[in-house]
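Comments concern the structure below.
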Amino acid sequence: MSATPIHEPSFRESVDLMFNRAVALMDLSPGLEEKIRVCNATYTVRFGVRLRGGIQTFTGYRSVHSEHMEPVKGGIRYAPNVHQDEVEALAALMTYKCALVEAPFGGSKGGLRINPRDYDEHELELITRRFTYELVKRDLIHPSQNVPAPDMGTGEREMAWIADQYRRMNTTDINAAACVTGKPINAGGIQGRTEATGRGVQYALHEFFRHPEDIAKAGLSGKLDGKRVIVQGLGNVGYHAAKFLSEEDGCRITAVIERDGAVTDPNGIDVEDLHQWIATNGGITGYPHGSVTPNGNAVLEEPCDILIPAALEGVINLGNAHKIQAPLIVEAANGPITAGADDILREKGTIIIPDMYANAGGVTVSYFEWVKNLSHIRFGRMQRRQEESRHQLVVDELERISESLGKTWTLSPDFKQKYLRGAGELELVRSGLDDTMRIAYQSMREVWHGRGDVKDLRTAAYLVSIGKVAASYRAKGL
Ligand code: NAD
(Lines give C-alpha, C1' and ligand atoms only; values in the text may rest on other atoms or scores of the structure.)
Protein backbone atom coordinates (compact mmCIF):
# COMPACT_ATOMS: atom_id res chain seq x y z
CA MET A 1 0.00 0.00 0.00
CA SER A 2 1.39 3.45 -0.83
CA ALA A 3 2.18 5.50 2.27
CA THR A 4 -0.69 7.77 3.27
CA PRO A 5 0.54 11.39 3.24
CA ILE A 6 0.95 12.92 6.71
CA HIS A 7 -1.70 15.62 6.20
CA GLU A 8 -4.34 13.07 5.24
CA PRO A 9 -7.28 13.07 7.67
CA SER A 10 -7.92 9.86 9.58
CA PHE A 11 -10.75 7.57 8.49
CA ARG A 12 -13.08 8.99 11.15
CA GLU A 13 -12.14 12.57 10.24
CA SER A 14 -12.84 11.73 6.60
CA VAL A 15 -16.32 10.49 7.48
CA ASP A 16 -16.91 13.62 9.59
CA LEU A 17 -15.74 15.89 6.76
CA MET A 18 -18.11 14.21 4.34
CA PHE A 19 -20.90 14.45 6.93
CA ASN A 20 -20.16 18.16 7.44
CA ARG A 21 -20.22 18.83 3.72
CA ALA A 22 -23.74 17.35 3.58
CA VAL A 23 -25.19 18.98 6.71
CA ALA A 24 -23.99 22.38 5.46
CA LEU A 25 -26.71 21.95 2.82
CA MET A 26 -29.37 20.99 5.35
CA ASP A 27 -31.45 22.91 7.78
CA LEU A 28 -30.68 21.04 11.01
CA SER A 29 -30.37 22.68 14.41
CA PRO A 30 -26.71 22.68 15.53
CA GLY A 31 -27.67 20.53 18.53
CA LEU A 32 -29.29 17.84 16.41
CA GLU A 33 -26.45 17.94 13.92
CA GLU A 34 -23.93 17.30 16.69
CA LYS A 35 -26.12 14.55 18.20
CA ILE A 36 -26.19 12.70 14.88
CA ARG A 37 -22.48 13.17 14.13
CA VAL A 38 -20.94 11.95 17.36
CA CYS A 39 -20.37 8.35 18.25
CA ASN A 40 -22.46 7.48 21.34
CA ALA A 41 -20.05 5.05 22.98
CA THR A 42 -17.06 2.85 22.29
CA TYR A 43 -16.25 -0.05 24.54
CA THR A 44 -12.67 -1.29 24.62
CA VAL A 45 -11.92 -4.66 26.11
CA ARG A 46 -8.64 -6.40 26.84
CA PHE A 47 -8.95 -10.06 27.60
CA GLY A 48 -6.60 -12.95 28.06
CA VAL A 49 -6.77 -16.37 26.40
CA ARG A 50 -4.65 -19.34 27.39
CA LEU A 51 -2.83 -20.35 24.20
CA ARG A 52 0.31 -22.27 23.36
CA GLY A 53 1.29 -22.72 27.03
CA GLY A 54 0.87 -19.06 28.04
CA ILE A 55 -1.67 -16.28 28.29
CA GLN A 56 -2.08 -13.95 25.33
CA THR A 57 -3.91 -10.64 25.72
CA PHE A 58 -6.15 -9.34 22.94
CA THR A 59 -7.74 -5.93 22.43
CA GLY A 60 -11.24 -5.61 21.01
CA TYR A 61 -13.73 -2.81 20.39
CA ARG A 62 -17.46 -2.43 19.95
CA SER A 63 -18.59 1.02 19.02
CA VAL A 64 -22.19 2.23 19.01
CA HIS A 65 -22.64 5.29 16.86
CA SER A 66 -26.38 5.92 16.98
CA GLU A 67 -29.27 4.33 18.85
CA HIS A 68 -32.08 6.22 17.12
CA MET A 69 -33.22 2.71 16.22
CA GLU A 70 -32.45 -0.51 18.03
CA PRO A 71 -30.93 -2.98 17.75
CA VAL A 72 -27.80 -1.36 16.43
CA LYS A 73 -26.04 -3.26 13.69
CA GLY A 74 -22.58 -3.63 12.21
CA GLY A 75 -19.87 -6.15 11.45
CA ILE A 76 -16.94 -7.33 13.51
CA ARG A 77 -13.58 -7.22 11.75
CA TYR A 78 -10.42 -9.10 12.62
CA ALA A 79 -7.31 -7.20 11.54
CA PRO A 80 -3.93 -6.55 13.14
CA ASN A 81 -4.23 -2.77 13.06
CA VAL A 82 -7.87 -2.22 14.04
CA HIS A 83 -8.18 0.80 16.31
CA GLN A 84 -10.83 2.94 17.95
CA ASP A 85 -10.86 5.65 15.29
CA GLU A 86 -11.46 3.08 12.55
CA VAL A 87 -14.22 1.27 14.41
CA GLU A 88 -15.97 4.57 15.17
CA ALA A 89 -15.78 5.64 11.52
CA LEU A 90 -17.23 2.30 10.46
CA ALA A 91 -20.00 2.54 13.08
CA ALA A 92 -20.98 5.99 11.79
CA LEU A 93 -21.10 4.66 8.23
CA MET A 94 -23.39 1.86 9.46
CA THR A 95 -25.86 4.42 10.83
CA TYR A 96 -26.04 6.23 7.49
CA LYS A 97 -26.06 3.00 5.48
CA CYS A 98 -28.97 1.48 7.44
CA ALA A 99 -30.96 4.71 7.10
CA LEU A 100 -30.28 4.89 3.37
CA VAL A 101 -31.51 1.35 2.65
CA GLU A 102 -34.26 1.50 5.27
CA ALA A 103 -32.94 -1.30 7.46
CA PRO A 104 -34.43 -0.49 10.88
CA PHE A 105 -31.17 -0.35 12.83
CA GLY A 106 -28.81 2.10 14.46
CA GLY A 107 -25.12 1.93 13.59
CA SER A 108 -22.42 -0.08 15.33
CA LYS A 109 -19.14 -1.80 14.49
CA GLY A 110 -16.65 -4.04 16.21
CA GLY A 111 -13.05 -4.98 15.79
CA LEU A 112 -10.50 -7.35 17.24
CA ARG A 113 -6.81 -6.54 16.94
CA ILE A 114 -5.58 -9.83 15.57
CA ASN A 115 -4.12 -11.27 12.41
CA PRO A 116 -6.40 -14.28 11.93
CA ARG A 117 -3.78 -15.91 9.70
CA ASP A 118 -1.48 -16.29 12.73
CA TYR A 119 -3.87 -18.68 14.51
CA ASP A 120 -5.33 -22.10 13.76
CA GLU A 121 -9.05 -22.77 13.75
CA HIS A 122 -9.21 -24.07 17.32
CA GLU A 123 -7.32 -21.04 18.66
CA LEU A 124 -9.55 -18.66 16.70
CA GLU A 125 -12.60 -20.35 18.19
CA LEU A 126 -11.26 -19.90 21.74
CA ILE A 127 -10.45 -16.24 21.07
CA THR A 128 -13.81 -15.55 19.38
CA ARG A 129 -15.79 -17.20 22.16
CA ARG A 130 -13.93 -15.21 24.79
CA PHE A 131 -14.43 -11.93 22.91
CA THR A 132 -18.12 -12.81 22.52
CA TYR A 133 -18.41 -13.51 26.25
CA GLU A 134 -17.04 -10.04 27.02
CA LEU A 135 -19.50 -8.36 24.63
CA VAL A 136 -22.56 -10.44 25.60
CA LYS A 137 -21.96 -9.64 29.29
CA ARG A 138 -22.53 -5.97 28.46
CA ASP A 139 -25.45 -6.50 26.01
CA LEU A 140 -23.14 -5.48 23.17
CA ILE A 141 -24.32 -8.65 21.47
CA HIS A 142 -28.06 -9.12 21.90
CA PRO A 143 -30.99 -9.77 19.50
CA SER A 144 -32.78 -6.56 20.50
CA GLN A 145 -29.78 -4.40 21.39
CA ASN A 146 -26.77 -5.05 19.22
CA VAL A 147 -26.46 -7.52 16.35
CA PRO A 148 -23.02 -8.05 14.76
CA ALA A 149 -22.24 -9.54 11.33
CA PRO A 150 -19.14 -10.53 9.37
CA ASP A 151 -16.60 -8.01 8.10
CA MET A 152 -12.96 -8.18 7.02
CA GLY A 153 -11.27 -11.25 8.44
CA THR A 154 -14.48 -12.87 9.71
CA GLY A 155 -17.14 -14.97 8.05
CA GLU A 156 -19.90 -17.44 8.77
CA ARG A 157 -17.64 -19.68 10.86
CA GLU A 158 -17.00 -16.90 13.40
CA MET A 159 -20.68 -15.90 13.35
CA ALA A 160 -21.68 -19.50 14.22
CA TRP A 161 -19.30 -19.44 17.22
CA ILE A 162 -20.72 -16.10 18.36
CA ALA A 163 -24.31 -17.38 18.08
CA ASP A 164 -23.46 -20.54 19.98
CA GLN A 165 -21.64 -18.64 22.73
CA TYR A 166 -24.59 -16.26 23.14
CA ARG A 167 -26.96 -19.24 23.36
CA ARG A 168 -24.84 -20.87 26.06
CA MET A 169 -25.06 -17.70 28.10
CA ASN A 170 -28.81 -17.18 27.45
CA THR A 171 -30.23 -20.67 27.45
CA THR A 172 -33.89 -19.61 27.60
CA ASP A 173 -33.81 -16.83 25.00
CA ILE A 174 -36.09 -18.08 22.24
CA ASN A 175 -34.66 -15.42 19.90
CA ALA A 176 -31.04 -16.29 20.55
CA ALA A 177 -30.31 -16.98 16.87
CA ALA A 178 -31.10 -13.33 16.07
CA CYS A 179 -28.12 -12.12 18.16
CA VAL A 180 -25.83 -12.16 15.11
CA THR A 181 -26.25 -12.40 11.32
CA GLY A 182 -24.15 -13.95 8.60
CA LYS A 183 -24.45 -17.39 10.17
CA PRO A 184 -24.23 -20.60 8.15
CA ILE A 185 -27.61 -21.98 7.01
CA ASN A 186 -27.50 -24.87 9.46
CA ALA A 187 -26.97 -22.42 12.33
CA GLY A 188 -29.92 -20.16 11.52
CA GLY A 189 -28.47 -18.28 8.54
CA ILE A 190 -30.27 -17.26 5.38
CA GLN A 191 -29.71 -18.23 1.75
CA GLY A 192 -27.76 -15.59 -0.11
CA ARG A 193 -26.10 -13.84 2.87
CA THR A 194 -22.53 -14.82 2.00
CA GLU A 195 -22.83 -13.44 -1.52
CA ALA A 196 -25.02 -10.49 -0.45
CA THR A 197 -22.52 -7.62 -0.40
CA GLY A 198 -21.01 -8.58 -3.76
CA ARG A 199 -24.49 -9.19 -5.16
CA GLY A 200 -25.48 -5.73 -3.92
CA VAL A 201 -22.51 -4.21 -5.77
CA GLN A 202 -23.78 -5.92 -8.93
CA TYR A 203 -27.33 -4.66 -8.39
CA ALA A 204 -26.00 -1.16 -7.72
CA LEU A 205 -24.28 -1.23 -11.11
CA HIS A 206 -27.41 -2.62 -12.78
CA GLU A 207 -29.36 0.34 -11.43
CA PHE A 208 -26.66 2.85 -12.42
CA PHE A 209 -26.69 1.48 -15.98
CA ARG A 210 -30.48 1.88 -16.17
CA HIS A 211 -29.99 5.66 -16.26
CA PRO A 212 -28.44 6.94 -19.52
CA GLU A 213 -27.97 10.40 -17.99
CA ASP A 214 -25.82 8.95 -15.19
CA ILE A 215 -23.82 6.75 -17.57
CA ALA A 216 -23.11 9.84 -19.67
CA LYS A 217 -22.01 11.82 -16.59
CA ALA A 218 -19.32 9.17 -16.07
CA GLY A 219 -18.28 9.56 -19.72
CA LEU A 220 -19.33 5.98 -20.42
CA SER A 221 -21.84 4.61 -22.89
CA GLY A 222 -23.85 1.48 -23.51
CA LYS A 223 -24.45 -1.31 -21.06
CA LEU A 224 -22.39 -3.18 -18.47
CA ASP A 225 -21.59 -5.85 -21.06
CA GLY A 226 -17.93 -5.61 -22.12
CA LYS A 227 -16.91 -3.02 -19.51
CA ARG A 228 -13.35 -3.32 -18.18
CA VAL A 229 -13.32 -3.70 -14.40
CA ILE A 230 -10.44 -3.57 -11.91
CA VAL A 231 -11.13 -5.11 -8.49
CA GLN A 232 -8.99 -4.62 -5.38
CA GLY A 233 -9.37 -7.44 -2.83
CA LEU A 234 -10.69 -10.86 -3.85
CA GLY A 235 -12.21 -11.57 -0.43
CA ASN A 236 -15.87 -12.08 0.31
CA VAL A 237 -17.09 -8.85 -1.27
CA GLY A 238 -14.62 -8.51 -4.15
CA TYR A 239 -14.82 -12.15 -5.19
CA HIS A 240 -18.61 -12.23 -5.39
CA ALA A 241 -18.83 -8.87 -7.16
CA ALA A 242 -16.17 -9.87 -9.72
CA LYS A 243 -17.71 -13.30 -10.23
CA PHE A 244 -21.25 -12.03 -10.86
CA LEU A 245 -20.14 -9.12 -13.06
CA SER A 246 -17.98 -11.36 -15.25
CA GLU A 247 -20.13 -14.50 -15.35
CA GLU A 248 -23.58 -12.87 -15.55
CA ASP A 249 -23.10 -9.38 -16.99
CA GLY A 250 -20.30 -9.88 -19.51
CA CYS A 251 -17.82 -7.53 -17.78
CA ARG A 252 -14.11 -8.15 -18.31
CA ILE A 253 -12.17 -8.24 -15.04
CA THR A 254 -8.93 -6.81 -16.41
CA ALA A 255 -7.06 -6.71 -13.08
CA VAL A 256 -7.32 -8.10 -9.57
CA ILE A 257 -5.20 -6.46 -6.86
CA GLU A 258 -4.43 -8.50 -3.78
CA ARG A 259 -2.17 -8.01 -0.75
CA ASP A 260 0.89 -9.49 -2.52
CA GLY A 261 0.47 -7.79 -5.91
CA ALA A 262 -1.84 -7.79 -8.90
CA VAL A 263 -2.81 -9.97 -11.84
CA THR A 264 -3.69 -8.18 -15.06
CA ASP A 265 -5.15 -9.59 -18.24
CA PRO A 266 -6.75 -7.33 -20.87
CA ASN A 267 -8.81 -10.28 -22.13
CA GLY A 268 -10.41 -10.80 -18.75
CA ILE A 269 -9.41 -12.86 -15.71
CA ASP A 270 -11.15 -16.14 -14.87
CA VAL A 271 -12.29 -15.08 -11.38
CA GLU A 272 -13.16 -18.58 -10.18
CA ASP A 273 -9.79 -19.94 -11.25
CA LEU A 274 -7.86 -17.09 -9.61
CA HIS A 275 -9.91 -17.40 -6.42
CA GLN A 276 -9.08 -21.09 -6.30
CA TRP A 277 -5.38 -20.31 -6.84
CA ILE A 278 -5.37 -17.81 -3.95
CA ALA A 279 -7.13 -20.31 -1.66
CA THR A 280 -4.49 -22.93 -2.43
CA ASN A 281 -1.38 -20.73 -2.61
CA GLY A 282 -2.18 -17.95 -0.15
CA GLY A 283 -1.80 -15.15 -2.71
CA ILE A 284 -1.64 -14.29 -6.39
CA THR A 285 2.13 -14.78 -6.63
CA GLY A 286 2.99 -17.34 -9.30
CA TYR A 287 -0.46 -17.28 -10.92
CA PRO A 288 0.17 -18.76 -14.38
CA HIS A 289 -2.29 -16.67 -16.42
CA GLY A 290 -2.15 -12.99 -17.39
CA SER A 291 0.77 -11.03 -15.95
CA VAL A 292 1.58 -10.74 -12.27
CA THR A 293 3.16 -7.64 -10.74
CA PRO A 294 4.21 -7.26 -7.10
CA ASN A 295 3.25 -3.56 -7.04
CA GLY A 296 -0.49 -3.96 -6.68
CA ASN A 297 -1.29 -0.39 -5.79
CA ALA A 298 0.03 1.01 -9.07
CA VAL A 299 -2.65 -1.05 -10.82
CA LEU A 300 -5.36 1.11 -9.19
CA GLU A 301 -4.15 3.80 -11.58
CA GLU A 302 -4.50 1.68 -14.75
CA PRO A 303 -7.15 2.61 -17.32
CA CYS A 304 -10.48 0.80 -16.95
CA ASP A 305 -14.19 1.61 -17.06
CA ILE A 306 -15.07 0.67 -13.49
CA LEU A 307 -12.78 0.51 -10.46
CA ILE A 308 -14.02 -1.51 -7.50
CA PRO A 309 -11.92 -1.14 -4.34
CA ALA A 310 -13.13 -4.03 -2.14
CA ALA A 311 -10.36 -4.39 0.45
CA LEU A 312 -9.31 -1.60 2.80
CA GLU A 313 -10.00 2.01 3.68
CA GLY A 314 -7.84 4.90 2.49
CA VAL A 315 -6.38 3.18 -0.58
CA ILE A 316 -7.26 6.12 -2.81
CA ASN A 317 -5.76 9.11 -1.08
CA LEU A 318 -3.98 12.40 -1.68
CA GLY A 319 -0.99 10.42 -2.93
CA ASN A 320 -2.68 8.75 -5.89
CA ALA A 321 -6.14 10.33 -6.46
CA HIS A 322 -4.97 12.54 -9.34
CA LYS A 323 -3.56 9.47 -11.13
CA ILE A 324 -6.76 7.40 -10.99
CA GLN A 325 -8.07 6.98 -14.54
CA ALA A 326 -11.31 5.08 -13.91
CA PRO A 327 -14.31 7.28 -14.74
CA LEU A 328 -16.55 5.28 -12.38
CA ILE A 329 -15.57 4.01 -8.92
CA VAL A 330 -17.79 1.70 -6.89
CA GLU A 331 -16.81 1.74 -3.22
CA ALA A 332 -17.39 -1.90 -2.31
CA ALA A 333 -15.07 -1.47 0.70
CA ASN A 334 -15.86 0.98 3.47
CA GLY A 335 -13.98 4.26 3.19
CA PRO A 336 -11.57 3.36 0.35
CA ILE A 337 -11.41 7.03 -0.73
CA THR A 338 -10.22 9.63 1.78
CA ALA A 339 -11.99 12.98 2.04
CA GLY A 340 -9.10 14.75 0.27
CA ALA A 341 -9.06 12.24 -2.56
CA ASP A 342 -12.82 12.56 -2.84
CA ASP A 343 -12.40 16.30 -3.51
CA ILE A 344 -9.79 15.67 -6.21
CA LEU A 345 -11.88 13.01 -7.93
CA ARG A 346 -15.05 15.10 -7.84
CA GLU A 347 -13.12 17.97 -9.35
CA LYS A 348 -11.99 15.63 -12.17
CA GLY A 349 -15.56 14.51 -12.79
CA THR A 350 -15.08 10.93 -11.60
CA ILE A 351 -18.38 9.40 -10.59
CA ILE A 352 -18.24 7.64 -7.22
CA ILE A 353 -20.95 5.24 -6.11
CA PRO A 354 -20.44 5.71 -2.36
CA ASP A 355 -19.72 2.96 0.17
CA MET A 356 -22.79 3.56 2.30
CA TYR A 357 -24.87 2.58 -0.73
CA ALA A 358 -22.57 0.32 -2.76
CA ASN A 359 -21.87 -2.20 -0.01
CA ALA A 360 -25.26 -2.03 1.71
CA GLY A 361 -26.24 -5.45 0.32
CA GLY A 362 -24.67 -7.13 3.34
CA VAL A 363 -26.69 -5.31 5.95
CA THR A 364 -29.83 -5.59 3.82
CA VAL A 365 -29.68 -9.38 3.74
CA SER A 366 -28.59 -9.38 7.39
CA TYR A 367 -31.85 -7.58 8.08
CA PHE A 368 -33.73 -10.38 6.27
CA GLU A 369 -31.82 -12.97 8.31
CA TRP A 370 -32.67 -11.22 11.58
CA VAL A 371 -36.36 -11.11 10.60
CA LYS A 372 -36.21 -14.81 9.66
CA ASN A 373 -34.69 -15.66 13.06
CA LEU A 374 -37.32 -13.66 14.93
CA SER A 375 -40.18 -15.17 12.93
CA HIS A 376 -38.73 -18.69 13.26
CA ILE A 377 -39.73 -19.61 9.73
CA ARG A 378 -37.90 -19.74 6.42
CA PHE A 379 -39.01 -17.21 3.79
CA GLY A 380 -41.30 -18.77 1.20
CA ARG A 381 -42.22 -21.80 3.29
CA MET A 382 -45.93 -20.97 3.41
CA GLN A 383 -46.39 -19.54 -0.10
CA ARG A 384 -44.15 -21.48 -2.46
CA ARG A 385 -46.35 -24.50 -3.28
CA GLN A 386 -49.50 -22.43 -3.27
CA GLU A 387 -47.92 -20.09 -5.80
CA GLU A 388 -46.87 -23.09 -7.89
CA SER A 389 -50.38 -24.57 -7.92
CA ARG A 390 -51.94 -21.25 -8.98
CA HIS A 391 -49.43 -20.95 -11.80
CA GLN A 392 -50.18 -24.54 -12.77
CA LEU A 393 -53.86 -23.58 -13.11
CA VAL A 394 -52.95 -20.82 -15.58
CA VAL A 395 -50.66 -23.11 -17.59
CA ASP A 396 -53.33 -25.87 -17.70
CA GLU A 397 -55.93 -23.38 -18.90
CA LEU A 398 -53.64 -21.95 -21.59
CA GLU A 399 -52.85 -25.46 -22.79
CA ARG A 400 -56.54 -26.31 -22.90
CA ILE A 401 -57.20 -23.22 -25.05
CA SER A 402 -54.25 -24.11 -27.28
CA GLU A 403 -55.70 -27.62 -27.68
CA SER A 404 -59.13 -26.21 -28.58
CA LEU A 405 -57.53 -23.96 -31.23
CA GLY A 406 -55.86 -26.94 -32.86
CA LYS A 407 -52.47 -26.28 -31.19
CA THR A 408 -51.66 -23.34 -33.47
CA TRP A 409 -49.38 -22.11 -30.67
CA THR A 410 -47.81 -23.71 -27.56
CA LEU A 411 -46.02 -22.57 -24.44
CA SER A 412 -42.26 -23.00 -24.63
CA PRO A 413 -40.84 -25.55 -22.17
CA ASP A 414 -38.43 -22.86 -20.87
CA PHE A 415 -41.28 -20.46 -20.09
CA LYS A 416 -43.26 -23.24 -18.39
CA GLN A 417 -40.34 -24.30 -16.24
CA LYS A 418 -39.57 -20.73 -15.11
CA TYR A 419 -43.19 -19.74 -14.62
CA LEU A 420 -44.17 -22.84 -12.67
CA ARG A 421 -41.36 -22.60 -10.12
CA GLY A 422 -42.48 -20.85 -6.91
CA ALA A 423 -39.99 -18.54 -5.25
CA GLY A 424 -37.81 -20.15 -2.58
CA GLU A 425 -35.77 -18.31 0.03
CA LEU A 426 -32.85 -17.46 -2.27
CA GLU A 427 -35.12 -15.98 -4.96
CA LEU A 428 -36.98 -13.93 -2.33
CA VAL A 429 -33.76 -12.69 -0.76
CA ARG A 430 -32.38 -11.63 -4.14
CA SER A 431 -35.65 -9.95 -5.03
CA GLY A 432 -35.71 -8.04 -1.73
CA LEU A 433 -32.09 -7.02 -2.19
CA ASP A 434 -32.62 -5.89 -5.77
CA ASP A 435 -35.65 -3.84 -4.74
CA THR A 436 -33.70 -2.25 -1.88
CA MET A 437 -30.73 -1.33 -4.08
CA ARG A 438 -32.98 0.15 -6.76
CA ILE A 439 -35.03 2.26 -4.38
CA ALA A 440 -32.00 3.51 -2.47
CA TYR A 441 -30.23 4.50 -5.71
CA GLN A 442 -33.30 6.35 -6.90
CA SER A 443 -33.55 8.24 -3.61
CA MET A 444 -29.91 9.39 -3.95
CA ARG A 445 -30.37 10.17 -7.61
CA GLU A 446 -33.37 12.38 -7.00
CA VAL A 447 -31.28 14.58 -4.71
CA TRP A 448 -28.23 14.45 -7.01
CA HIS A 449 -30.17 15.64 -10.06
CA GLY A 450 -32.90 17.56 -8.27
CA ARG A 451 -30.81 20.00 -6.23
CA GLY A 452 -28.44 22.42 -7.87
CA ASP A 453 -26.19 22.49 -4.80
CA VAL A 454 -25.55 18.71 -4.75
CA LYS A 455 -22.81 17.72 -7.15
CA ASP A 456 -22.17 14.08 -6.29
CA LEU A 457 -23.81 10.85 -5.21
CA ARG A 458 -21.99 10.71 -1.86
CA THR A 459 -23.36 14.05 -0.71
CA ALA A 460 -26.78 12.98 -1.97
CA ALA A 461 -26.51 9.73 0.00
CA TYR A 462 -25.58 11.62 3.18
CA LEU A 463 -28.47 14.06 2.67
CA VAL A 464 -30.99 11.24 2.31
CA SER A 465 -29.71 9.24 5.26
CA ILE A 466 -29.09 12.15 7.66
CA GLY A 467 -32.61 13.37 6.83
CA LYS A 468 -34.02 10.01 7.87
CA VAL A 469 -31.98 9.82 11.09
CA ALA A 470 -32.98 13.40 11.95
CA ALA A 471 -36.66 12.59 11.35
CA SER A 472 -36.36 9.62 13.65
CA TYR A 473 -34.75 11.72 16.43
CA ARG A 474 -37.40 14.40 16.01
CA ALA A 475 -40.17 11.81 16.25
CA LYS A 476 -38.65 10.75 19.59
CA GLY A 477 -38.90 14.34 20.77
CA LEU A 478 -35.14 14.99 20.75
P1 NAD B 1 -12.32 -10.22 3.42
O2 NAD B 1 -11.41 -10.36 4.58
O3 NAD B 1 -13.18 -11.36 3.02
O4 NAD B 1 -11.50 -9.79 2.12
C5 NAD B 1 -10.58 -8.75 2.08
C6 NAD B 1 -9.66 -9.05 0.90
O7 NAD B 1 -8.77 -7.95 0.71
C8 NAD B 1 -8.80 -10.28 1.11
O9 NAD B 1 -8.82 -11.07 -0.05
C10 NAD B 1 -7.42 -9.70 1.39
O11 NAD B 1 -6.36 -10.57 1.01
C12 NAD B 1 -7.46 -8.44 0.54
N13 NAD B 1 -6.48 -7.45 0.98
C14 NAD B 1 -6.05 -7.19 2.23
N15 NAD B 1 -5.12 -6.22 2.22
C16 NAD B 1 -4.99 -5.85 0.93
C17 NAD B 1 -4.18 -4.88 0.27
N18 NAD B 1 -3.34 -4.11 0.94
N19 NAD B 1 -4.31 -4.76 -1.08
C20 NAD B 1 -5.16 -5.53 -1.76
N21 NAD B 1 -5.93 -6.48 -1.20
C22 NAD B 1 -5.85 -6.63 0.14
O23 NAD B 1 -13.18 -8.92 3.73
P24 NAD B 1 -14.58 -8.51 3.12
O25 NAD B 1 -15.63 -9.00 4.04
O26 NAD B 1 -14.63 -8.85 1.68
O27 NAD B 1 -14.52 -6.92 3.31
C28 NAD B 1 -13.86 -6.07 2.39
C29 NAD B 1 -14.38 -4.65 2.56
O30 NAD B 1 -15.80 -4.65 2.37
C31 NAD B 1 -14.14 -4.03 3.93
O32 NAD B 1 -13.95 -2.64 3.77
C33 NAD B 1 -15.46 -4.27 4.64
O34 NAD B 1 -15.67 -3.34 5.69
C35 NAD B 1 -16.42 -4.07 3.51
N36 NAD B 1 -17.74 -4.69 3.72
C37 NAD B 1 -17.88 -6.02 3.92
C38 NAD B 1 -19.15 -6.56 4.09
C39 NAD B 1 -19.38 -8.05 4.24
O40 NAD B 1 -20.55 -8.47 4.21
N41 NAD B 1 -18.38 -8.88 4.38
C42 NAD B 1 -20.27 -5.72 4.10
C43 NAD B 1 -20.10 -4.37 3.87
C44 NAD B 1 -18.83 -3.85 3.68
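Please verify whether segment 283-296 includes one or more residues that are away from the ligand (no atom under 13 Å from the Cβ), modelled with pLDDT of 95 or more, closer than 26 Å to Ala204 by Cα and among the aromatic types (Phe, Trp, Tyr). The answer is no, given that none of the residues of segment 283-296 is away from the ligand (no atom under 13 Å from the Cβ), modelled with pLDDT of 95 or more, closer than 26 Å to Ala204 by Cα and among the aromatic types (Phe, Trp, Tyr).
What number of residues in segment 440-464 are closer than 17 Å to Cys98 by Cα and β-branched (Val, Ile, Thr)?
2
The C-beta contact set for segment 168-186 (first residue under 15 Å from Ile141 (Cβ atoms) and not assigned by TED's automatic domain parsing to the domain that holds Ser144, second residue of a type in the set (A, V, I, L, M, F, W, C) and assigned to a helix (DSSP H, G or I), distance under 6 angstrom, 6+ apart or interchain) is empty.
Out of all the residues in segment 78-87, is one or more part of a strand (DSSP E or B), farther than 16 Å from Met152 by Cβ and touching a Ser or Thr at 6+ places or on another chain (Cβ under 7 Å)? Talk me through it step by step, then tell me what you get.
Here is the first cut: in segment 78-87, the residues part of a strand (DSSP E or B) are 78-79.
Within this subset, residues satisfying the condition of being farther than 16 Å from Met152 by Cβ are none.
Checking segment 78-87: not a single residue is part of a strand (DSSP E or B), farther than 16 Å from Met152 by Cβ and touching a Ser or Thr at 6+ places or on another chain (Cβ under 7 Å).
Of all residues in segment 435-458, those being hydroxyl-bearing (Ser, Thr, Tyr) and closer than 16 Å to Lys217 by Cα number 1. With respect to being crowded, with 22+ Cβ neighbours inside 10 Å, more than 16 Å from the ligand (Cβ to nearest atom) and within 22 Å of the chain's Cα centre (by Cα), Phe131 falls outside the description. Determine whether segment 370-377 contains at least one residue that is under 18 Å from Ile185 (Cβ atoms) and within 16 Å of the ligand (Cβ to nearest atom). Yes, because at least one residue in segment 370-377 is under 18 Å from Ile185 (Cβ atoms) and within 16 Å of the ligand (Cβ to nearest atom). State all residues of segment 317-336 that are within 12 Å of the ligand (Cβ to nearest atom) and either in a strand (DSSP E or B) or touching a Gly at 6+ places or on another chain (Cβ under 8 Å) (or both); if no residue qualifies, say none. Passing the criteria: Val330, Ala332, Ala333, Gly335, Pro336.
The values are calculated or read from the model by the stated rules, or taken from the named source; none is laboratory data. Not measured: the values here are computed from a predicted model. Here the Cβ is made from the backbone with ideal geometry for all residues, glycine too, and neighbour counts use every protein chain on show.
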